[in-house]
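What follows draws every value from the coordinates through simple rules; no lab data is involved. Note that the coordinates shown come from a computational prediction; the quantities given were computed from them, not determined experimentally. Neighbour counts run over all protein chains shown; Cβ positions are idealised from the backbone, glycine included.
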Amino acid sequence: MLVRLLYVSRAVDTSPAAIEAILAQSRQHNPASGITGVLCHGGGVFLQAIEGGRRAVSELFGHIQRDARHKDVELLSFEEISERRFGGWTMGQVNLARLNHSIVLKYSERPEFDPYAASGRVSFALLEELMATASIIGRA
C-alpha cells in the first residue's frame, strides 16, 4: 500500500552544508526503503512530501520527529495513494527563497509561503505547481 505524508518543520541549522547533508542522507537511504519525495526549504522552514509503503513512510516520519536537525515538526497530511507524484526523485529539492513570487502568491496570503499557516491541501497544490514548472531539482 502506497501512502503520501506531508509535514513541515523548522530547521535548526539553515546553512547550505546542513541542507545538503539532509539531502545526501535521504538520497543514500531512501532507495532501499522505496521512499521518494521532495524537500522544500527556505526561510528556516522545511516542507517535505514523502511517498512509499505505509510502514517505511511511518518509520521515516518517526525518525524525522526525533532528528535534532528539525524542530516544531507538524504533520500536514497523510493519505493512501494509488500512484506516486514524486516517483522520479529519491529526494528532490526546492529552495523556497528562490521561487517566483507569483507562484507563491497563488497559494498564500503573502509572497512568502508559510506552510504552518496553510492547509496540507494547499501545501501539496504548491508542490504540484513546482513540479509542473520544473522548479524541483535533484532528479536521481
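Summary table below
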read-out	value
Rh by Kirkwood over Cα pairs, then Stokes-Einstein D for the chain at 0.890 mPa s and 25 °C, µm²/s	165 µm²/s
Peptides ranked, highest mean first, by Cβ atoms within 10 Å: ranges 47-58, 100-111	47-58, 100-111
Residue among VAL45, VAL94, VAL12 with the largest mean-square fluctuation in a Gaussian network model of the chain, springs linking Cα atoms under 10 Å	VAL12
